[in-house]
Amino acid sequence: MADPAIDHVDSLDEELEVVSNYKPPPEKTIEQILETDKEDESLRKYKETLLGEAKAGSVIVDTNDPRKVIVKMLALCVADRPDMELDLSGDVSKLKKQTFVIKEGVSYKIRIDFIVQREIVHGLKYVQKTYRLGVPVDKMTHMVGSYPPKTEIQSYTTPAEDAPAGVVARGSYTVHSLFTDDDENEHLKWEWTFDIKKDWK
């Protein structure tokens with residue numbers, strides 16, 4: 001996370017992105033993937049191993065939820081402390097009322113728990129924009145990867161980051177989070193808040 005005392009935010013509000021020639025591959029169903037190159041025995045076995053339980057047909061965990069990705073939880077993970085968890089399976093508009101306290105300067109990671117159902121999802125991404133007093137102070141994008149459908153919860157944990165430190169850094173922050181993918185599907189968008197304090201109390 002950036003130190004808000006340093007004005008290094010390069011016009012986050014303009015959302016400048018690096019132009020890339022990368023084009024995501026067209027979506028394929030599990031059946032199409034299994035049918036491709038099926039005469040190649042080693043490739044067929046590899047795909048079956050990769051797809052796991054999905055090879056027998058689409059995995060549907062919640063028949064009432066049409067989404068391919070169901071985001072269940074976000075957790076702030078700090079060594080030697082219990083994880084601070086946000087339940088994302090309910091009304092996410094209420095999360096703004098729940099505030100995490102983070103001790104300044106600590107190293108932390110963010111873990112996201114999610115379920116993939118129905119079809120393979122390609123190029124999952126976690127995007128997070130952090131604001132202080134309405135002013136953007138940080139933005140990060142993490143490539144989560146591609147996942148087959150499974151009945152079990154799957155997880156992604158970001159690399160460690162250091163919370164800002166110092167008198168200027170202390171205060172309240174608002175975070176806009178988005179779980180998306182290569183095809184720009186918005187699987188979940190939510191807001192949450194945290195306070196940087198001198199100590200955990």
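The values are calculated or read from the model by the stated rules, or taken from the named source; none is laboratory data. Worth saying up front: this structure is predicted, and the values here are computed from it rather than measured. For neighbour counting, all protein chains shown are included, and Cβ atoms are generated from backbone atoms with ideal geometry for every residue, glycine included.
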Original post:
When you look at Ala75, is it in contact (Cβ under 8 Å) with a residue 24 or more places away in the chain, within 20 Å of Ala163 (Cβ to Cβ) and surrounded by 12 or more Cβ atoms within 10 Å (Cβ to Cβ), yes or no?
Top reply: yes
**OP:** Report, by residue number, each residue of region 120-135 that is closer than 14 Å to Leu178 by Cβ and touching a Lys or Arg at 6+ places or on another chain (Cβ under 6 Å).
**Re:** Lys129
Subject >> Condition broken by Ala169, with the remaining ones in (1) assigned to a strand (DSSP E or B); (2) at negative phi; (3) small (Gly, Ala, Ser) satisfied >> reply: (1)
Subject >> Unique residue being in contact with a Cys (Cβ under 8 Å, 6 or more places away or on another chain) and either surrounded by 16 or more Cβ atoms within 10 Å (Cβ to Cβ) or of a type in the set (Gly, Ala, Ser) (or both) when the list is Ile110, Ile102 >> reply: Ile110
**OP:** Considering every residue within region 33-46, establish whether at least one is of a type outside the set (Asp, Glu), part of a loop (DSSP other than H, G, I, E, B), at pLDDT below 70 and not assigned by TED's automatic domain parsing to the domain that holds Glu152.
**Re:** yes
**OP:** Check Pro149, Pro82, Pro159 and return the single one that is crowded, with 16+ Cβ neighbours inside 10 Å and in a loop (DSSP other than H, G, I, E, B).
**Re:** Pro149
Subject >> Subset of region 85-99 [surrounded by 15 or more Cβ atoms within 10 Å (Cβ to Cβ), under 16 Å from Arg67 (Cβ atoms) and not β-branched (Val, Ile, Thr)] >> reply: Leu88
